[in-house]
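For reference, the structure discussed in these notes is given below.
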Amino acid sequence: MTTRATAGPAIRVRGLEKSYKALPVLRGVDFDVARGSIFALLGSNGAGKTTAVKILATLLEADAGTASVHGFDVATRAADVRESISLTGQFAAVDEILSGRENLVLIARLRHLDDPTGIADDLLERFSLTDAGARRVSTYSGGMRRRLDIAMSLVGNPPVIFLDEPTTGLDPRGRIEVWQAVRELAARGTTVLLTTQYLDEAEQLADRIAILHGGRIIVDGTLAELRELLPPAEVEYVEKQPTLEDVFLALVGADG
């Protein structure tokens with residue numbers, strides 16, 4: 001039986017280090033993630049974002065430093081950490097032969113949960129997939145597959161979820177669909193650690209943003225705090241033009 005988690009941040013990282021042979025990837029990483037918030041770990045390809053997530057998910061051992069998730073140390077309480085989290089990788093891990101509902105029912109049964117069908121129907125509704133629930137996943141769009149993948153990771157209601165570059169390879173509509181799903185997670189109290197290389201994604205979703213560069217966190221704060229790092233722009237009175245997102249949503253509709 002899992003020991004009850006202690007109070008404090010949902011995720012706490014101190015002095016995390018990891019090298020692959022002679023190549024240092026993490027060089028003393030520190031950050032906290034508040035419970036029920038969306039935290040974006042921003043960085044370019046190869047910055048170490050996925051390595052950090054793998055350590056937090058107990059898939060990889062750190063060379064030095066400490067980390068805890070939901071109050072459990074990832075090195076000494078790995079089993080408790082795994083019971084508290086779900087991890088969604090860069091590519092949707094869904095069975096294309098099965099329907100969306102069958103994918104969800106399968107995961108619920110593997111977790112030995114009561115009423116797998118009810119759980120599946122609830123998640124299909126939450127992620128606006130009810131109408132497609134009976135269809136094979138092979139017929140889904142990229143955004144629909146990603147939303148199903150996130151829904152599958154929520155079977156069992158884990159308090160912490162890791163989303164590792166969840167919109168990689170998606171078209172604009174698919175990205176917006178996933179953004180809506182992530183906002184819904186946080187609104188229901190789930191703690192989300194999101195890794196991304198897209199600046200607009202972090203700006204749209206995150207309560208706090210940390211930039212990982214050169215193996216270290218070089219800045220960590222809210223969007224407003226990060227903006228204060230630069231001098232204010234010169235004020236000019238110009239006609240406001242609609243953004244590309246405004247045009248896209250006006251043409252195709254917010255719900256696709």
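Largest GNM mean-square fluctuation among ALA67, ALA47, ALA22, using the chain with Cα springs under 10 Å: ALA22. The Cα trace of segment 58-105 gives Rg and Dmax of 15.0, 43 Å, the first to one decimal, the second as a whole number.
The ranking of THR50, THR195, THR76 from fewest to most other beta carbons within 10 Å of each one's beta carbon is THR76, THR50, THR195. The order of TYR140, TYR237, TYR20, going from fewest to most other C-beta atoms within 10 Å of their C-beta, is TYR237, TYR20, TYR140. For the chain, lysine pairs with C-alpha atoms less than 30 angstrom apart, excluding pairs fewer than eight positions apart on the same chain, total 4. The Cα center of segment 140-179 and the Cα center of segment 214-234 differ in position by 27 Å.
If you look at the Cα atoms of segment 108-256, you get an Rg and a Dmax of 18.3, 61 Å.
Tell me which residues come under 5 Å, amide H to amide H, from ILE11 once H is placed; ignore anything under 5 positions away on its chain. Residues meeting the amide H criterion: VAL33, HIS70. Calculated on C-alpha atoms, the gyration radius of segment 163-237 divided by its Kirkwood radius gives an Rg/Rh of 1.02.
Within the P(r) computed for segment 117-173, what percentage of the Cα pairs occupies the region above 20 Å? Percent of Cα pairs beyond 20 Å in segment 117-173: 26. What would the Debye formula give as log10 I(q)/I(0) at q = 0.11, 0.15, 0.19, 0.22 Å⁻¹ for the alpha-carbon point model of segment 29-161, no solvent? For segment 29-161, the Cα-only Debye profile gives -0.46, -0.81, -1.11, -1.27. Taking amide H as placed 1.01 Å from N in the peptide plane, LEU87 has its amide H under 5 Å from the amide H of PHE162, each at least 5 places away in sequence or on another chain. Its Cα gyration tensor gives segment 1-89 an equivalent ellipsoid; the semi-axes, largest first and in whole Å, are 22, 14, 12. Among PHE31, PHE127, the order by Cβ neighbours within 10 angstrom, fewest to most, reads PHE31, PHE127. The percentage of C-alpha pairs in the chain whose separation is greater than 29 Å is 35%.
Please identify, among HIS213, HIS70, HIS112, the residue showing maximal mean-square fluctuation in a Gaussian network model of the chain using a 10 angstrom Cα cutoff. Fluctuation is largest for HIS112.
All of the numbers you see were taken from the coordinates with simple rules; none came from a lab. Quantities reported herein were computed from a predicted structural model and do not represent experimental measurements. Cβ coordinates were reconstructed from backbone atoms using ideal geometry, including for glycine residues, and neighbour counts include every protein chain displayed.
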